[in-house]
Amino acid sequence: LFLLLSSIPYPASAVNSIPALIFEGTEDAKAILANLDYNDVRHSNSWAKNAVWETGALELMKGYGEKRFGLNERLSVEEALVIAYNMAGREAEAQLAAEALDLQRQEEDRKTPAERMWADGYIQLAFNDGLITQDQYNDAMQTDRPALPAFDRYGPVTREDMAFYLAKVLEINPVNSQTHIFNGYRDWAEANPHRIPYIEALLQNRVMSGSGNGYFRPKGNVTREQAAQIIQNASPFIFPKHNIEKLKGTIEGINKYTDRTDGR
């Protein structure tokens, strides 16, 4: 159970003793719970169920609509960048960047629906922060895309690129020496050498792990359920950026009372 903490006045007259902590629910609770009602998750045996619920409640990952999360669907490059920046609490910054880009277009060339326009803002931030190169940015932003662009924002993200994006955006320092964890995988030599320090950093911080049987599969894909688990693993880096503290405990009892503060 994770709760959003809020320091609020609490009338001493309400109960005999003042609780140590007061929690307030979010006004968006009903909408969030409705969004989390994924049929493909509820009726599955997915090992990532808990991660899907938590990351959904934090609104860091959303479904595809019609009560579908898409557990085994591959995460795209664009989705990976969106998730990384949302984890860092920079969603508003990305949307403002997208609006600025769209206002530079002719009226007839402006993008719809909103999600399609907002995605450009994340690509812009990725370029500004050095996650993608100028050539990659140009490929991503061109209107008339070639059949196979060198950098396909809609194509599946690789595990090594996912590690790079997360480490950069969450400001997890790369490990440039003593990469003993990653070097222990059978396929470590297949990785892009420039990605290895970031992979090692996420391994050491237990944000990512291998894919089993001694392999990391740096060129492999990331499914959406794997992405949810990675987000949950990164909570020590995410929560401070969102001013959230995670506590665990047991509900020992529930008492009802009426608060008539200010005569209401």
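The values are calculated or read from the model by the stated rules, or taken from the named source; none is laboratory data. Note that this is a predicted model, so its numbers are computed, not measured. Backbone-built Cβ (ideal geometry, glycine too); neighbour counts: all protein chains shown. Only protein heavy atoms, including side chains, enter the accessible area calculation; ligands, DNA and RNA are left aside. Shrake-Rupley method; radii C 1.70, N 1.55, O 1.52, S 1.80 Å.
Data table
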quantity	calculated
Per residue value of the accessible surface for region 80-178 (all protein chains in place, 1.4 Å probe), Å²	52
Spatially close lysines, pair count over region 159-259: Cα under 26 Å, gap of eight or more or interchain	5
Order by protection proxy (mean Cβ within 10 Å, highest first), peptides 88-95, 252-259	88-95, 252-259
Taking all pairs of distinct alpha-carbon atoms in region 17-159, Kirkwood radius in angstrom	17.4
Residues of region 156-171 with amide N under 17 Å of a point placed 7 Å along Cα→Cβ from residue 134	none
Residue 132 accessible area, 1.4 Å probe, all protein chains in place, Å² to nearest 10	10
Point-charge dipole on Cβ atoms (K/R +1, D/E -1) for the chain, about Cα centre, debye to 20	880
Mean-position separation - Cα centroids, region 158-206 and region 53-101, in angstrom	22
Region 156-264: radius of gyration over Cα atoms, expressed as a fraction of 2.2 N^0.38 Å	1.52
Quarter of the Cα convex hull surface for region 93-137, i.e. its orientation-mean projected area (nm²)	3.2
Qualifying aspartates and glutamates (Cα of each under 12 Å from Cα of residue 111; at least 8 residues distant if same chain)	99, 102, 120
Kirkwood-type radius of the chain, with distances r between different C-alpha atoms, in Å	20.8
Residue-averaged [θ]222 nm for the chain, counting only DSSP H segments that reach four residues, each worth -39500 (n - 2.57)	-11000 deg cm²/dmol
Cα-only radius of gyration and Dmax that characterise region 80-223, units Å	16.7, 54
Whether region 41-112 is rounded, prolate or oblate, judged on the alpha carbon gyration tensor where a/c under 1.5 counts as rounded	prolate
Percent RCO, i.e. relative contact order, over region 116-264, from Cα pairs under 8 Å lying at least 6 residues apart	19
